[in-house]
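Below you'll find the structure, written out as C-alpha cells, and then a few comments.
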Amino acid sequence: MKRYFIRSAKYFVALCVLCSVLVALNLSTGMARLSLDETLYVMFRTPRGLLLPAVVVVLSLLYPRFGFTARRVEGDVEEDRTQIEQAFRAAGFVACGESDGVLYFRGDGLLRRLQMLCEDRIAVSQYGQWILLEGNRRGVARAAYRLDSYLSMKRHG
C-alpha cells in the first residue's frame, strides 16, 4: 500500500510539473490571453478552473492501477534467457539483478528512468508455462512485444 501512494505522489508531481511547463510556455510565447496572476486565479478560484486540479488529483490517485501491469509470454525463463535479455536490450532496458529465479531489468539511461518516474524496474519470472513480466505498463508492453517476437522467431526459425 505504501508503494501505491509513492507512485501516486510521483505521478502527481509529474503532472504538476507538466501543467507548470505548459503555462510557462504559453506565457513566454505570448499565446496566453491571461497574465500569470489571472491564470492562477481562474485555475484555483473558479468552478470551471478547479476542474484541472481535480483531474490531476484523480489521475494521480488512479495511476498506480492503470500505470502498472503484468503480461505473459509463452516460454521458459531459463531456456529463453538469451531472447529475454535481447528483447529487453532492444526495448531500452538493462539487467540489474536476479533473485530466486526472478530477473530484474531497469531503464538503460537517466532519461528513460525519468520518463518512467524511476518506476522502471521490470520483474521477469516463470509462471507455469509462461514468462511473466511485471512492472511499468509502457516498459512491459514494449518488452513483451519484442520477447514474443523473438521467441516466435526461435520456434519457427
Which condition from (1) under 22 Å from Gly135 (Cα atoms); (2) open to solvent by less than 90 Å² (accessible area, probe 1.4 Å) is the one that Arg65 breaks? (2)
Among all residue pairs at least 6 apart or on different chains, which show Cβ distances below 7 Å where the first residue, located in region 97-114, is of a type in the set (D, E, K, R) and the second is surrounded by 14 or more Cβ atoms within 10 Å (Cβ to Cβ) and assigned to a loop (DSSP other than H, G, I, E, B)? Arg106/Asp120; Arg106/Arg121; Asp108/Gly92; Arg112/Gly92; Arg112/Asp120; Arg113/Asp120
Looking at (1) at pLDDT below 95; (2) open to solvent by 70 Å² or more (accessible area, probe 1.4 Å), find the lone condition where Phe12 falls short. (1)
Being in contact with a helix residue (DSSP H, G or I) (Cβ under 8 Å, 6 or more places away or on another chain) and open to solvent by less than 30 Å² (accessible area, probe 1.4 Å) is the filter here; which residues of region 98-117 pass it? Leu103, Phe105, Gly107, Met116
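Every residue, every condition in (1) acidic (Asp, Glu); (2) modelled with pLDDT under 95; (3) open to solvent by less than 60 Å² (accessible area, probe 1.4 Å); (4) touching a Lys or Arg at 6+ places or on another chain (Cβ under 9 Å), yes or no:
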site: Cys19; (1), (2), (3), (4): no, yes, yes, no
site: Ala24; (1), (2), (3), (4): no, yes, yes, no
site: Leu27; (1), (2), (3), (4): no, yes, no, no
site: Met31; (1), (2), (3), (4): no, yes, no, no
site: Asp37; (1), (2), (3), (4): yes, yes, no, no
site: Leu40; (1), (2), (3), (4): no, yes, no, no
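The values are calculated or read from the model by the stated rules, or taken from the named source; none is laboratory data. Just so you know, these numbers come straight off a predicted model, no measurement behind them. Neighbour counts run over all protein chains shown; Cβ positions are idealised from the backbone, glycine included. Heavy atoms of the whole protein, side chains included, go into the accessibility calculation; ligands, DNA and RNA do not. Shrake-Rupley method; radii C 1.70, N 1.55, O 1.52, S 1.80 Å.
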